[in-house]
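Below: one structure, written as structure tokens.
The values are calculated or read from the model by the stated rules, or taken from the named source; none is laboratory data. Keep in mind the model is a prediction, meaning the values are calculated, not measured. Glycine also receives a Cβ, built like all others from the backbone with ideal geometry; neighbour counts cover every protein chain displayed. Just so you know, the surface numbers come from the protein's heavy atoms only, side chains and all, with ligands and any DNA or RNA stripped out. Shrake-Rupley method; radii C 1.70, N 1.55, O 1.52, S 1.80 Å.
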Amino acid sequence: DILRSAAHRLLPAKHSAMVDDRLHMVTVQDGEKRTIAGLDFTFFDIHSTKAKQYGYCLDLPDGRRLTCCGDEPCSESCYDLAQGSDWLLHEAFCLNGEADIFHPYEKHHSTVKDACELAEKLQVKDLLLYHTEDSHIAERKELYAAEGRKYYHGNIYIPDDLEKIVI
């Protein structure tokens, strides 16, 4: 009832009408494992200083692991979960050289350099960067990939909105 009430306050009426029918809100706990649509997820507290937030690890049927760090940089306390992941989904708000313009750290975000250095350290095979600023939208992929390749030697993906990436 608490989640349903929150959904009705936070979502537009056309979406809140779907709660319990097509939209299911479920509370999770740190370290909790759940099977969703036949896939095994492990949820983890990202240790945000802003609000309680969770990331997840998804164990794919072929044995690969996908880790999503949520809306903030991966906390050091979560490194063991992301270590060696086949896929790491990580926010990268802006290019490192533009940190003084976009102030990612004030917003609890990282730069492309930060995310790529972390992926390299954690020996991640594929890195997908999201939650980026939009001032360079036409050349964002090229700019972010060029900066990222200086710090990370795996595959880098910078998708456009609604673009599909085959994992």
Fill in the blank from the handout: If we keep only residues of region 14-28 that are without any contact (Cβ under 8 Å) to a residue 24 or more places away in the chain and open to solvent by less than 80 Å² (accessible area, probe 1.4 Å), then the residue farthest from TYR54 (Cα to Cα) is ALA17
Fill in the blank from the handout: In the set ILE36, ILE101, the lone residue that is under 26 Å from GLU133 (Cβ atoms), exposed (fewer than 14 other Cβ atoms within 10 Å of the Cβ) and at pLDDT 90 or above is ILE101
Practice task
Kindly indicate whether THR42 is modelled with pLDDT of 95 or more and either crowded, with 17+ Cβ neighbours inside 10 Å or out of contact with any Lys or Arg (no Cβ under 7 Å at 6 or more places or on another chain) (or both).
Solution key: yes
Fill in the blank from the handout: For region 108-167 the number of residues that are part of a loop (DSSP other than H, G, I, E, B), open to solvent by 70 Å² or more (accessible area, probe 1.4 Å), farther than 17 Å from PHE93 by Cα and not charged (D, E, K, R) is 5
Handout entry: All positions within region 30-66 that are of a type in the set (S, T, N, Q) and under 30 Å from LYS107 (Cβ atoms)
Key = THR42, SER48, THR49, GLN53
Handout entry: Count - residues of region 77-96 that are without any contact (Cβ under 8 Å) to a residue 40 or more places away in the chain and either of a type in the set (Lys, Arg) or open to solvent by 40 Å² or more (accessible area, probe 1.4 Å) (or both)
Key = 3
